[in-house]
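Participant: Take this structure first; my questions come after.
The values are calculated or read from the model by the stated rules, or taken from the named source; none is laboratory data. No experiment lies behind these values; they were computed from the predicted model shown. Note: ideal-geometry Cβ built from the backbone for every residue, glycine included; neighbour counts use all protein chains shown.
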């Protein structure tokens, strides 16, 4: 039923990082939603910001509501929904997670209405992780429309299929070779290469040393799956950072083409394809039968490359922005 027909539940507003107990509640809610939907409901960067020691009122705003005890299937009050806004000056990105037990209760609208009250929607865009009709309806009710389509594509290799090559044996241009990332050595040069490769990308190109360090500290980080294309002076020309997602309820372990980039000066050498294949073969050599990636739907060159390598569209994440925006 609509929010207008639902009794309003109190919405708590937190500026900056939530307390540890509240953060654990949020993570539990995120996990419940992901188990239900098969999609992570918050972006990785949002989770990084929520856990960061540097989070504060300047960059993180959290709104959450608990279901009343009489509506909860468990003892006490369950966290029913959370909205997180990651701010960058006057602009921000909103993400909302609703617990599967409390969907179709209007709780998403409750937290957005509170956001309207305490801050407003000026400069705010919103992600829906998964192309959900309910998210589209909620966005439209606040005057928002889809402005970006981020595809998730997947490559499935049947069990027992042969891995054609292993190691750094793919052809590279003269004077270029592949090696793996070395922690405490490659952070600064990689950040510079990443910023150059993704100068016009709204998220990836803005990665900071703190962002990189947070990912290096994650249990999934493995430098053996972080490939660099370097020249004879050991300058980074391109890279492919892979990721392995731990198995979730009812799902297999999933590999990811996490990020592939080539600096402008090295584009046209075929490094993007070489690096992509190197990472795929690394993941397959670990016995991963399913590999996914994110790519903007309007990035025709990248989509064509991935289709040529056997990837197919799996799902979409949709960004919404004000209908009045140009």
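Participant: Please find, among 236, 291, 263, the residue that is more than 27 Å from residue 149 (Cα to Cα), crowded, with 17+ Cβ neighbours inside 10 Å and not assigned by TED's automatic domain parsing to the domain that holds residue 41.
Facilitator: 236
Residue by residue, here is whether (1) assigned to a loop (DSSP other than H, G, I, E, B); (2) assigned by TED's automatic domain parsing to the domain that holds residue 137; (3) more than 13 Å from residue 110 (Cβ to Cβ); (4) at pLDDT 90 or above holds:
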residue: 7; (1), (2), (3), (4): yes, yes, no, no
residue: 14; (1), (2), (3), (4): no, yes, yes, yes
residue: 25; (1), (2), (3), (4): no, yes, yes, yes
residue: 32; (1), (2), (3), (4): no, yes, yes, yes
residue: 47; (1), (2), (3), (4): no, yes, yes, yes
residue: 76; (1), (2), (3), (4): yes, yes, yes, no
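Participant: Here's something else I'd like to know. Quick test of your reading of the structure: residue 313 fulfils all but one of (1) more than 20 Å from residue 131 (Cβ to Cβ); (2) surrounded by fewer than 20 Cβ atoms within 10 Å (Cβ to Cβ). Name the failing condition by number.
Facilitator: The number of the failed condition is (1).
Participant: Okay, moving on. Quickly run through region 54-67 and pick out the residues that are under 24 Å from residue 90 (Cβ atoms) and part of a loop (DSSP other than H, G, I, E, B).
Facilitator: Result: 54, 55, 56, 57, 58, 59.
Participant: If you don't mind, there's one more thing I want to ask. Looking only at region 82-95, count every residue that is free of Cβ contacts under 8 Å to residues at least 40 places away in the same chain and either farther than 18 Å from residue 61 by Cβ or in contact with a strand residue (DSSP E or B) (Cβ under 6 Å, 6 or more places away or on another chain) (or both) and tell me the total.
Facilitator: Residues in region 82-95 being free of Cβ contacts under 8 Å to residues at least 40 places away in the same chain and either farther than 18 Å from residue 61 by Cβ or in contact with a strand residue (DSSP E or B) (Cβ under 6 Å, 6 or more places away or on another chain) (or both): 4 in total.
Participant: With respect to residue 81, determine if the residue is modelled with pLDDT of 95 or more and either surrounded by 15 or more Cβ atoms within 10 Å (Cβ to Cβ) or in a loop (DSSP other than H, G, I, E, B) (or both).
Facilitator: yes
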